[in-house]
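These notes concern the structure reproduced below.
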Amino acid sequence: RYWQRVLFLVAISLFNSCLAAVEALLYGRAIRRQPLPARPLFILGHPRTGTTLLHNLISLDESNFATCSAFCAGFPSSFLWFERFKAVLAGAVDSKRPMDNMDLSLDVPVLGHVPVTSSSRSSHIPQCRTR
């Protein structure tokens, strides 16, 4: 009954695994040498409490903070080298988020639950909202 979904998820997983292997070959040493910040900043909160606003404000300060873009969240293990193909994929993204009509593109900052969720389950889970 769900064989199409299973087949799709297997195909996407294999595709992402191949992309990750290329990234490991191209950037593996550089990634391992990259120093991590001594005091990372985590934004935690319940939905509708201002975490997205705070994240968007912090993402404007690129000299002090690194944030995850929608493209990085969509390709968590290959965005360093796969970014050169971002323009080809840009047309597949709506200009507004369906749940709140906010601007959406592959370059907008996204909260951390998106990459965590997209690397473990369907990347559509963060788009779901309870009533």
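Could the peptides 65-78, 33-46, 11-24 be put in order, highest first, of the mean number of other beta-carbon atoms found within 10 Å of their residues?
On the way: 65-78: 18.9, 33-46: 7.4, 11-24: 13.1.
Top to bottom by mean Cβ count within 10 Å: 65-78, 11-24, 33-46.
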Q.
Can you give me the % of accessible surface on the stretch 53-104 that is carbon or sulfur? Probe 1.4 Å, all protein chains present, nothing else counted.
A. 59 percent
Q: For the stretch 61-106 and the stretch 25-40, compute the distance between their C-alpha centroids and round to whole Å.
A: 21 Å
Q: Hey, can you grab everything whose amide H is under 5 Å from the amide H of V110? Only 5+ residues off in sequence or another chain; H modelled, so Pro and N-termini drop out.
A: C68, S69, A70
Q. Taking K and R as +1 and D and E as -1, what net charge do the other residues with C-beta under 14 Å from the C-beta of S78 add up to?
A. 0
Q: Convert each backbone phi in the stretch 80-94 into a coupling constant with the Karplus relation 6.51 cos²θ - 1.76 cosθ + 1.60 (shift: θ = phi - 60°), then list the ³J(HN,Hα) values in order as whole Hz, x for Gly and Pro.
A: 4, 9, 7, 4, 4, 9, 4, 4, 5, 8, 4, x, 7, 9, 5
Q. Among A66, S77, M102, which residue has its Cα positioned farthest towards the positive end of the charge dipole of the stretch 64-103, with +1 placed on the Cβ of Lys and Arg, -1 on the Cβ of Asp and Glu, and the dipole taken about the Cα centre?
A. S77
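The values are calculated or read from the model by the stated rules, or taken from the named source; none is laboratory data. On a predicted model such as this, the values are computed, not experimentally measured, just so you know. Every residue, glycine among them, receives a Cβ derived from its backbone with ideal geometry; neighbour counts consider all protein chains shown. Side chains are part of the model used for accessible areas, which takes the heavy atoms of the whole protein and leaves out ligands, DNA and RNA. Shrake-Rupley method; radii C 1.70, N 1.55, O 1.52, S 1.80 Å.
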